[in-house]
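Have a look at the structure below, then the notes.
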């Protein structure tokens with residue numbers, strides 16, 4: 001091994017940038033313990049939000065519902081209806097920009113924009129399933145109060161506000177009175193997996209999102225939700241884990257420095273290690289730090305130091321083909337520098353895929369299902385970072401097998417197109 005190669009290895013190890021810096025069983029144990037503490041109402045980085053949404057209600061056929069998917073950067077609005085076979089049809093689709101993504105907005109502007117996006121379809125159904133991809137405390141009536149923003153949304157006055165109520169008030173002023181059911185995108189993914197049928201096939205359900213942000217949901221027995229004393233102990237419901245805020249994942253010095261550069265340092269640190277809104281920025285900081293330590297050639301270091309931003313999409317493009325053309329910000333690097341970039345990017349993706357596998361494994365294990373190979377846990381995975389980033393899914397599946405198979409747990413990863421919209425439709429029609 002050349003001295004430069006040894007230098008690179010030392011940099012990766014010292015910075016905690018490789019999957020080998022993570023002990024899966026130890027992190028998994030911490031994840032499960034944080035889940036339990038959150039359910040009990042004790043101090044935990046995982047808030048474990050009860051949703052009051054069950055998976056045992058039939059979806060009525062022929063009844064339209066308005067569906068909204070408020071995701072990381074986009075806000076999608078449509079209508080949906082299920083046929084007698086449970087197959088959904090999505091119509092009247094429109095796509096908008098999420099309020100607060102480009103500039104800070106106050107409470108009034110945020111909800112005025114939100115209601116305005118729904119207004120064109122407000123008269124087509126009497127209920128709305130709102131997939132809201134941010135931490136919200138769900139209330140038994142189906143609404144939710146925003147706990148915190150993630151994904152760099154800038155609308156601080158909305159924190160603490162009931163989302164459905166505020167939007168409904170603005171629609172009532174226009175003559176419409178739809179009933180809102182608020183749910184998280186991972187709960188929507190869970191319900192979309194359930195909507196495929198297979199009630200005899202699957203033992204339990206998990207929803208996992210890894211796109212702009214990341215989160216997880218699973219079905220928990222009410223008797224294990226110690227912080228709620230008003231639940232039927234014989235029942236069960238979907239839990240929104242808010243797993244992006246898991247706070248016991250080992251982080252290196254570059255992770256810590258990157259966290260300090262974000263809008264909300266100290267929060268959602270797990271999300272900042274694996275999700276699409278942050279991976280590109282983290283990769284750029286890794287490159288700049290490596291350049292400062294002399295790992296790149298002098299021309300390469302100058303080029304990297306001049307970069308102002310790098311997206312996760314650009315990271316993926318480089319992984320797929322480091323000769324992408326003049327438009328790629330790393331195209332001008334010499335071949336030896338490109339080899340180092342590939343090494344660093346691959347290491348970060350491998351680490352992120354291991355962390356995603358630990359996250360999924362915790363939800364599968366906490367569900368208590370999958371003890372029989374005849375009845376696996378259904379894991380519906382949504383999100384562009386997971387499905388589109390080069391080799392991310394295959395790497396995650398390798399780690400899942402190493403974690404869950406020795407424990408005798410059966411599971412099945414599936415992908416349901418338009419999961420947020422389909423799950424929102426199920427919730428709007430059954431809650």
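What to note about this one:
- Residues of region 59-86 with amide N under 20 Å of a point placed 7 Å along Cα→Cβ from residue 177: 64-66
- Using the average count of surrounding beta-carbon atoms within 10 Å as a protection proxy, the listed peptides 13-21, 351-359 rank, highest first, as 351-359, 13-21.
- Using 0.36 nm per residue and subtracting the Cα-Cα separation, the extra length available between residue 405 and residue 320 on full extension is 27.6 nm.
- Per-peptide average of other Cβ atoms within 10 Å, ordering 336-344, 88-96 highest first: 336-344, 88-96
- Shape call, region 59-170: gyration tensor on alpha carbons, a/c limit 1.5: prolate
- Once the chain from residue 307 to residue 388 is taken as fully extended at 0.36 nm per residue, the excess over their C-alpha distance is 26.8 nm.
- Nearest-ten-degree value, helix 185-195 long axis tilted from longest Cα axis of the chain: 60
- Take the Cβ atoms of residue 293 and residue 152, set R0 to 30 Å, and the FRET efficiency comes out at 0.60.
- Expressed as a whole percent, the proportion of Cα-Cα pairs in region 221-316 lying more than 15 Å apart is 69%.
- FRET E, pair residue 227, residue 264, Förster distance 22 Å, beta-carbon r, rounded to 0.05: 0.35
- Whole-number D in µm² s⁻¹ for the chain, Kirkwood Cα-pair radius fed into Stokes-Einstein, 37 °C, 0.692 mPa s: 146
- Here the label points at residue 342 and residue 32, each 7 Å from Cα along the C-beta direction, are separated by 3.9 nm in the simple model.
- Packing, taken as the mean count of other beta carbons within 10 Å per residue, orders the peptides 229-237, 368-376 from highest to lowest as 368-376, 229-237.
- Stokes-Einstein D for region 1-72, Kirkwood Rh over Cα pairs, 20 °C, 1.002 mPa s (µm²/s): 122
- Extension gain (nm, one decimal) between residue 169 and residue 90, 0.36 nm per residue minus Cα-Cα: 25.9 nm
- 0 to 90° range, to nearest 10: angle between helix 276-292 axis and the chain longest Cα axis: 10
Rule-based calculations on the coordinates, nothing more; no lab input. No experiment lies behind these values; they were computed from the predicted model shown. Backbone-built Cβ (ideal geometry, glycine too); neighbour counts: all protein chains shown.
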